[in-house]
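Asker: Below is one structure. I have some questions about it.
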Amino acid sequence: MKQLRLEPIKHIQGSVNIPGSKSISNRVLLLGTLAKGTTTLTNLLDSDDIKYMLASLKQLGVNYRLSNNNTVCEVEGLAGPLSAEQAQTLFLGNAGTAMRPLCAALTLGQGKFTLTGEPRMEERPIGDLVDALRQLGAQVTYLKNDGFPPLTINATGLNGGDVEIAGDLSSQFLTALLMVAPLAKSRVVIKIKGELVSKPYIDITLALMAQFGVKVINENYQRFIIETGQSYVSPGKVLVEGDASSASYFLAAAAIKGGEVKVTGVGKLSIQGDVKFADVLEKMGADIEWGDDYIIARGAPLKAVDLDMNHIPDAAMTIATTALFATGTTHIRNIYNWRIKETDRLAAMATELRKVGAVVDEGQDYISVTPPKVINTAEIDTYNDHRMAMCFSMVAFADCGITINDPDCTSKTFPDYFERFASLVTR
Ligand SMILES: O=C(O)C1=C[C@@H](OP(=O)(O)O)[C@@H](O)[C@H](O)C1
Ligand SMILES: C=C(OP(=O)(O)O)C(=O)O
């Protein structure tokens, strides 16, 4: 297994332009496909999750032109659903933002589609989405375990009507349903069962649908109405913002080490909820400055926080390792769905934080982290989870340094993370 040794870091300083948002890249590729007209995406993320979406679209006959560095993509819209004359099997890795939206989108047209992924994808639920699509007439069959990929869709189009969907495991199910709703045969009214988690991701979905000309009535995240007769029309150009979750590592690094780091490409005009990560750092004591498309973090002595982080589930992981450098016990609450992401992130985070000496309380839906007096070095397992690898790079700010096992797993969303990180630090 490959390992990356990070020697102790004395100082961090500089500016980093953050690669494109995973959430926006995959949404816009799909909306651009369903839309009338050609959409040119700039600052598209070049990472595994996007490659799976792009490969699937190509397999389904979508025409697009990708620049040499994979960050500019011109998508020729179909002005309607995806269809295929021959049965297609699509491999979607472990990309939730490809699996869930494509599962919904492929019910709209005609054809037989099988969706598969990596072993972990077969453990990540999709039942709540499939239940909702079935209420609208979709025919979906599970190939292994009920409620989980792989699955086969026999597509004949999607009816409109009233549909209920559970919101308590993942917002991606609702995102998927919202994106296909305008192309159903009549008006769609979606009612949310239970608490809706990760709400800001729904705001991303609605903002992008609006850019493509579709209006959704949002009744307090409880009910959504999508009137019939709407269709997606390309806005022409879409600039993909920098990924706010990816920005969290650089902002945290500055907060921990007392230097100044500016992240560009994401700022106060962002449509991504994860920019609120900067507010958490501010509560911990960091100095944060906002521009329209940048955020600057400056370090200061950090103190623990006790917060509900359901709204920023990805960036919240960065707080778990930042907590090693804060006085007191940090409590990260209402994050049950960490358990059903790339790995069981609550269990993985607790295990690895204990290796460096932290006292950790892992609850069903929370984690509490008390830093040790002296942080130990360790070999950190990353569980094929890009965020585990990136979060634990923070431990290099302790006097002992850290070793990251399988660092290349960052390729899911940030292939050159460790090179970018190294370019800002002095050892
Ligand atoms: O819609 C999206 O782009 C995402 C939603 C979130 O998932 P959940 O809604 O499952 O929390 C987030 O963790 C994921 O990385 C991306
Ligand atoms: C949860 C994540 O990914 P996915 O889009 O596969 O759900 C993530 O990137 O942290």
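The values are calculated or read from the model by the stated rules, or taken from the named source; none is laboratory data. Just so we're clear, the structure is a prediction, and the values are computed from it rather than from any experiment. Here the Cβ positions follow ideal geometry from the backbone for every residue, glycine too, while neighbour counts run over all protein chains shown. Surface accessibility is based on the protein's heavy atoms, side chains included, excluding ligands, DNA and RNA. Shrake-Rupley method; radii C 1.70, N 1.55, O 1.52, S 1.80 Å.
Asker: Evaluate E = 1/(1 + (r/R0)^6) for Val233 and Cys400, where r is the Cβ-Cβ distance and R0 equals 45 Å; express this FRET efficiency to the nearest 0.05. Intermediate results must be reported in sequence, preceding the final value.
Answerer: Numbers: r = 56 Å, r/R0 = 1.24.
That pair, Val233 with Cys400, gives E of 0.20.
Asker: Okay, moving on. Please determine, in degrees from 0 to 90 and to the nearest 10, the orientation of helix 96-105 with respect to the longest principal axis defined by the Cα atoms of the chain, where the helix direction is its Cα long axis.
Answerer: Taking the Cα atoms of the chain, the angle to 96-105 is about 10 degrees.
Asker: Let me ask something else about it. For the range 200-341, what is the accessible area per residue in Å² when the probe is 1.4 Å?
Answerer: Numbers: 5020 Å² over 142 residues.
Value returned for the range 200-341: 35 Å² of accessible area per residue.
Asker: Give the distance, in whole Å, between the Cα centre of the range 63-117 and the Cα centre of the range 134-162.
Answerer: The range 63-117 and the range 134-162 have Cα centres separated by 16 Å.
Asker: Can you tell me the Rg and the Dmax, both Å, for the Cα atoms in the chain?
Answerer: 21.2, 64
Asker: Rounded to the nearest 10 Å², what accessible area does Val359 have for a 1.4 Å probe in the complete protein model?
Answerer: Probe radius 1.4 Å; accessible area of Val359 about 100 Å².
Asker: Counting DSSP beta bridges in the chain, what percent are antiparallel, to the nearest 5? Don't jump to the answer; show the numbers that get you there.
Answerer: Details: 49 of 74 bridges.
The answer is about 65 percent antiparallel.
Asker: Continuing with this model, one more query. Anything over 27 Å Cα to Cα? Flag those among Lys36/Lys193; Lys10/Lys373; Lys257/Lys341; Lys22/Lys262; Lys10/Lys303, in the order listed. Present the calculation step by step, with values, prior to reporting the outcome.
Answerer: Working: Lys36/Lys193 33 Å; Lys10/Lys373 19 Å; Lys257/Lys341 29 Å; Lys22/Lys262 20 Å; Lys10/Lys303 21 Å.
Beyond 27 Å between Cα atoms: Lys36/Lys193; Lys257/Lys341.
Asker: Ordering Asp46, Asp162 from largest to smallest accessible area (1.4 angstrom probe), what's the sequence? Present the calculation step by step, with values, prior to reporting the outcome.
Answerer: On the way: Asp46 55, Asp162 125 Å².
I get Asp162, Asp46, largest accessible area first.
Asker: Suppose every Lys and Arg Cβ carries +1 and every Asp and Glu Cβ carries -1, with no other charges. What dipole size does the range 308-397 come out with about its Cα centre, to the nearest 20 debye? If you can, show how the numbers build up before the last one.
Answerer: Details: 8 positive and 11 negative charges, 39 e Å.
Here the size comes out at about 180 debye.
Asker: How would Val233, Val62 rank on accessible area, largest to smallest, probe 1.4 Å?
Answerer: Correct descending sequence by accessible area is Val233, Val62.
Asker: Hey, which aspartates and glutamates would be in cross-link range of Lys185, C-alpha to C-alpha under 12 Å, not counting anything within fewer than 8 residues on its own chain?
Answerer: Reachable aspartates and glutamates: Glu227.
Asker: Please get the size of the charge dipole for the chain, origin at its Cα centre, with Cβ charges of +1 on Lys and Arg and -1 on Asp and Glu, quoted in debye to the nearest 20.
Answerer: Values: 41 positive and 47 negative charges, 87 e Å.
Dipole size: approximately 420 debye.
Asker: I would also like to ask the following. For a quick check of understanding: with a 1.4 angstrom probe and all protein chains in place, what accessible area in square angstrom does Val266 have, to the nearest ten?
Answerer: 0 Å²
Asker: Give me the extension gain from Asp408 to Asp365: residue separation times 0.36 nm, minus the current Cα-Cα distance, reported in nm with one decimal.
Answerer: The Asp408-Asp365 span can extend by a further 12.6 nm.
Asker: State, as an integer percentage, the relative contact order of the chain based on alpha-carbon contacts under 8 Å between residues 6 or more apart.
Answerer: Relative contact order of the chain: 18 percent.
Asker: So what is the accessible area of the range 372-427 per residue, in Å², with the probe set to 1.4 Å?
Answerer: Numbers: 2000 Å² over 56 residues.
About 36 Å² of surface per residue is accessible.
Asker: Hey, how many Å between the Cα centroid of the range 354-427 and the Cα centroid of the range 242-257?
Answerer: The two parts, judged by their Cα centres, are 13 Å apart.
Asker: Roughly what angle does helix 48-59 make with the longest principal axis of the chain, taking Cα atoms, 0 to 90 degrees, to the nearest 10?
Answerer: So the helix axis and the longest Cα principal axis differ by about 20 degrees.
Asker: Now for a separate question. Starting with the highest mean, order 177-189, 311-323, 362-374 by the number of other Cβ atoms within 10 Å, averaged over the residues of each peptide. Provide the component values of the computation, followed by the final result.
Answerer: On the way: 177-189: 21.7, 311-323: 26.5, 362-374: 16.3.
Highest to lowest by the protection proxy: 311-323, 177-189, 362-374.
Asker: Would you please give the FRET efficiency between Lys2 and Asn159, computed as 1/(1 + (r/R0)^6) with r the Cβ-Cβ distance and R0 = 60 Å, to the nearest 0.05? Mind dumping the intermediate values first?
Answerer: Details: r = 50 Å, r/R0 = 0.83.
That pair, Lys2 with Asn159, gives E of 0.75.
Asker: Right, here's the next one. To test your reading of the geometry: what angle, between 0 and 90 degrees and rounded to tens, separates the Cα axis of helix 22-34 from the longest principal axis of the chain?
Answerer: 10 degrees
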